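The values are calculated or read from the model by the stated rules, or taken from the named source; none is laboratory data. Everything numeric here is computed off the predicted structure, so don't read it as measured data. Note: ideal-geometry Cβ built from the backbone for every residue, glycine included; neighbour counts use all protein chains shown. Accessible surface areas use protein heavy atoms only, side chains included; no ligands, DNA or RNA. Shrake-Rupley method; radii C 1.70, N 1.55, O 1.52, S 1.80 Å.
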Amino acid sequence: SVVGADNESHEPSKGLLKAGDRILQANGEKQENKEAFMKTIQQSEGKPICLRLERNGRQKEVKITPVLSNTAQTYQIGAWIRDSIQGIGTVTYYDAENGTFGALGHGVYDVDTDELMVIHGGSVVDTTLTEIVKGEKGAAGELIGQVEMQEKLAVIEKNTETSIYGKAAAGVFAGESYPVATKAEVKKGAAVLLSDLEGKDVQAYAIEIESLEKNGGRQHKDMNIRIMDERLLALTGGIVQGMSGSPILQDGKLVGAVTHVTLADPTKGYGIFMENMAA
């Protein structure tokens, strides 16, 4: 709501905008970012603005009349607009044959609507790890780092339920080459998780694949895994935010990636089959 010059509460967007709407145009002009949209709102001087939206894959137009806020002395439409997000995650694989990569092992969802976010694009950038918040029962840990926004390593093109995907030039992602295992080849038992947590390049940590789900459902919780490596447990307490996408190897093959932690026990979590992620 917006408190107007009349000291009354107004809701300019009520019944017109919904959480998750994507604003395409305002008064016929494409809005490059939220700053440009805010400028359009101010220039309206309280006159109706025609917005073209995308909602659930369909486009529609609505008219919203901004209200002059009595406190901020700016015109407002009573909506929170977001034009970008960022976070720390792990690049799982790079395919040198076609220059493509996959990361996270799951999609990026809107924290407010719990829906898969529609993206125009994005970038993978380097991160210097500065702190590890250990996970504990009932609370997920996390990796905290300094994001190097100046140097863009790769381009993000798609955000899907199974991963974020994009392209990178040869040599950007260095590492060992492994064949991809099919679902049928993955079995319960010992495996290793790859991650760079100690500043000593990528290390292998012992894990156990405790059970397999051939049909993982929406979140592709295909594997139930447990951290066995005492070094990793001492560092993180288990699986933490930022480790999503960490590759899982078994018998010399890339079988999957870490996707989720179990809050009740951070030593346990889930992984996606590489066959599903790389499809």
Checklist entry - Straight-line reach from Lys158: which lysines have Cα under 27 Å away, leaving out those fewer than 8 places along the same chain? => result Lys18, Lys30, Lys34, Lys60, Lys167, Lys183, Lys214, Lys221, Lys253
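Subtract the Cα-Cα distance of Thr71 and Asn27 from 0.36 nm times their separation in residues, and report this length gain in nm to one decimal.
Numbers: separation 44, 0.36 × 44 = 15.84 nm, distance 2.63 nm.
Full extension of this stretch gives 13.2 nm more.
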Checklist entry - Using the reciprocal of the averaged 1/r over all distinct C-alpha pairs, how large is the Kirkwood radius of segment 132-279 in Å? => result 15.9
Checklist entry - Averaged per residue, what accessible area in Å² does segment 1-142 show with a 1.4 Å probe, protein chains only? => result 64
Next on the checklist: Given the options Gln241, Ala168, Thr71, identify the residue whose Cα lies farthest towards the positive end of the charge dipole of the chain (+1 on Cβ of Lys, Arg; -1 on Cβ of Asp, Glu).
Outcome noted: Thr71
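Using a 1.4 angstrom probe with every protein chain in place, what is the largest-first accessible-area order of Phe101, Phe173? All intermediate terms of the calculation are to be shown ahead of the outcome.
Working: Phe101 0, Phe173 50 Å².
So the residues, ranked largest to smallest area, are Phe173, Phe101.
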Checklist entry - Where the eigenvalues come from the Cα gyration tensor of the chain, what are the semi-axes √(5λ) of the equivalent ellipsoid, largest first, in whole Å? => result 43, 20, 18
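Mean separation of Cα pairs under 8 Å and 6+ residues apart, divided by the residue count of the chain: what relative contact order is that in percent? Before the final figure, lay out the partial values.
On the way: 631 pairs, mean separation 45.0, N = 279.
Relative contact order, the chain: 16 percent.
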Item to check | Whichever aspartates and glutamates have a C-alpha closer than 14 Å to that of Lys188, once near sequence neighbours (fewer than 8 apart) are set aside | outcome: Glu208, Glu210, Glu213, Asp222, Asp251
Next on the checklist: For a bin width of 10 Å, list the pair-distance distribution of segment 107-161 built from all Cα-Cα distances, rounded to whole %.
Outcome noted: 20, 31, 43, 6
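So which chymotrypsin sites (Phe, Trp or Tyr not before Pro) in segment 29-81 are both in a DSSP loop and have at most 13 other Cβ atoms within 10 Å of their Cβ? It would help to have the intermediate numbers written out before the result.
Values: sites: Phe37, Tyr75, Trp80; in loops: Trp80.
Passing both the DSSP loop test and the Cβ count: Trp80.
Which of the GluC sites (Glu not before Pro) found in segment 11-86 are in a DSSP loop and have at most 13 neighbouring Cβ atoms, other than their own, within 10 Å? Mind dumping the intermediate values first?
Values: sites: Glu29, Glu32, Glu35, Glu45, Glu54, Glu61; in loops: Glu32, Glu45.
Qualifying residues, ordered by number: Glu32, Glu45.
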Next on the checklist: Pairs of alpha-carbon atoms within less than 8 angstrom and 6+ residues apart define the contacts here; what relative contact order does segment 152-234 have, in percent?
Outcome noted: 20
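Given +1 on the Cβ of Lys and Arg, -1 on the Cβ of Asp and Glu, and no further charges, what dipole in debye does the chain carry about its Cα centre, rounded to the nearest 20?
Values: 29 positive and 39 negative charges, 161 e Å.
Dipole size: approximately 780 debye.
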Item to check | Per residue Cα convex hull volume in Å³ - calculated over segment 204-279 | outcome: 93
Next on the checklist: Above 23 Å lies some portion of the pair distances; for segment 36-126, what is it as a whole percent of all C-alpha pairs?
Outcome noted: 48
Checklist entry - Tell me, what % of the accessible area of segment 162-279 is carbon and sulfur with a 1.4 angstrom probe? => result 51
Item to check | Inverse of mean 1/r across different Cα pairs in segment 239-279, Kirkwood, Å | outcome: 10.6
Checklist outcome for this item: Projected onto their principal axes, the Cα atoms of segment 23-75 stretch, largest extent first, over whole-Å spans of 36, 19, 17
Checklist outcome for this item: Per residue, the convex hull enclosing the alpha carbons of segment 48-95 has a volume in Å³ of 151
Checklist entry - What does the charge dipole of segment 62-197 about its Cα centre add up to, to the nearest 20 debye, if the Cβ of each Lys and Arg holds +1 and the Cβ of each Asp and Glu holds -1? => result 280
